Amino acid sequence: MLTGFALLSASLLSACATAPTPLRGEFAQVTPEQIAGSGQAASQRVRWGGTVLSLKNSEQNSCFEVLARPLRGNARPKAGDEAQGRFLACFAGFKDPKVFAPGRDVTVVGRVEAIEPVKVDEFEYRYPKLAGSDVYLWPEERDRDTVYFVEPFPFYGYGYYYYPTYYHAPRRSTTTVAPRVDAPERPTVIDGGSAPLSLPDLPGGLLRR
């Protein structure tokens with residue numbers, strides 16, 4: 001049973017790491033930064049991805065400017081600050097700039113056809129340029145609506161230290177109102193004053209001295 005569970009887990013993991021159909025195939029293991037640095041635009045079939053910086057449409061084609069980032073196992077660009085240079089990817093036809101908006105993640109398949117110098121502020125940047133065959137627009141990733149709690153645990157040694165453990169729970173939109181607790185009623189105090197207590201008259205003069 002354990003063997004079957006392990007095989008099922010491995011198959012699920014591999015399924016999660018499978019790239020979409022248009023992005024599958026064999027590609028040259030080279031980055032835009034390496035192509036720009038070498039100065040050689042060999043006709044290599046590549047699969048690059050990253051964040052859209054701009055999109056320009058003309059009568060002939062539409063060209064993406066992309067900030068390249070490493071890809072995950074499913075070919076989606078990884079989040080983070082690790083960049084692999086910039087590149088241009090041009091496609092025949094019209095691409096809607098409202099759909100492929102700046103900041104969206106894309107993965108592109110195409111062939112390197114040129115290195116094109118483009119001004120970035122005052123710097124002339126060498127952009128590898130692809131003749132694109134496929135472009136895949138990834139859905140936006142949103143943070144989970146969770147709240148994190150920290151529970152400290154003590155450690156006794158030469159000092160007193162805390163090692164936090166993190167938990168998360170769904171955020172609740174409603175506000176919890178503390179139950180009302182009424183104060184106990186104040187006991188009634190009977191003030192007898194200064195009048196002495198008198199005992200009732202009992203037959204036979206009992207309790208009288």
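The values are calculated or read from the model by the stated rules, or taken from the named source; none is laboratory data. If you're wondering where the values come from, they're calculated on a predicted model, not measured in any experiment. All Cβ positions, even for glycine, are placed from backbone atoms using ideal geometry, and neighbour counts span all protein chains on display. Keep in mind that these areas ignore ligands, DNA and RNA; they rest on the heavy atoms of the full protein, side chains included. Shrake-Rupley method; radii C 1.70, N 1.55, O 1.52, S 1.80 Å.
Rounded to whole Hz and in sequence order, give me ³J(HN,Hα) for the range 132-138 from the Karplus expression 6.51 cos²θ - 1.76 cosθ + 1.60, θ = phi - 60°, writing x for Gly and Pro.
Once θ is set to phi - 60°, the couplings for the range 132-138 become x, 10, 9, 9, 10, 8, 8 Hz.
Please list, in chain and number order, the residues 5+ apart from residue 86 or on another chain whose amide H is under 5 Å from its amide H, with Hs placed from the backbone.
Here the answer is 68, since their amide H atoms fall under 5 Å of that of residue 86.
Which of the lysines could a cross-linker span from residue 98 if the Cα-Cα distance has to be under 20 Å and same-chain partners fewer than 8 positions apart are dropped?
56
Residue by residue through the range 87-97, which ³J(HN,Hα) values in whole Hz follow from phi under the Karplus form 6.51 cos²θ - 1.76 cosθ + 1.60 (θ = phi - 60°), with glycine and proline marked x?
Here the 3J(HN,Hα) series is 8, 10, 9, 10, 10, 6, x, 9, 10, 6, x Hz.
How do the peptides 61-68, 81-88 rank, highest first, by the average count of neighbouring beta carbon atoms within 10 Å per residue?
In descending order of packing, they fall as 61-68, 81-88.
Can you list residues from other chains, or at least 5 along the same chain, whose modelled amide H is less than 5 Å from the amide H of residue 125?
118, 119, 120
When the accessible area of the range 25-85 is split by element with a 1.4 Å probe, what percent falls to carbon and sulfur? Can you show the working numbers first?
Working: 1350 of 3240 Å².
Ligands and nucleic acids excluded, carbon and sulfur reach 42 percent.
Of the accessible area of the range 90-145, with the probe set at 1.4 angstrom, what percent is carbon plus sulfur?
47 percent
Residue-wise, which Karplus ³J(HN,Hα) couplings in Hz belong to the range 28-34, taking 6.51 cos²θ - 1.76 cosθ + 1.60, θ = phi - 60°, and x for glycine or proline?
Values, residue by residue: 5, 8, 9, 9, x, 4, 5 Hz.
Taking K and R as +1 and D and E as -1, what net charge do the other residues with C-beta under 13 Å from the C-beta of residue 66 add up to?
Details: positive: 47, 56, 69, 86, 95, 104, 129; negative: 33, 65, 105.
Once positives and negatives cancel, what remains is +4.
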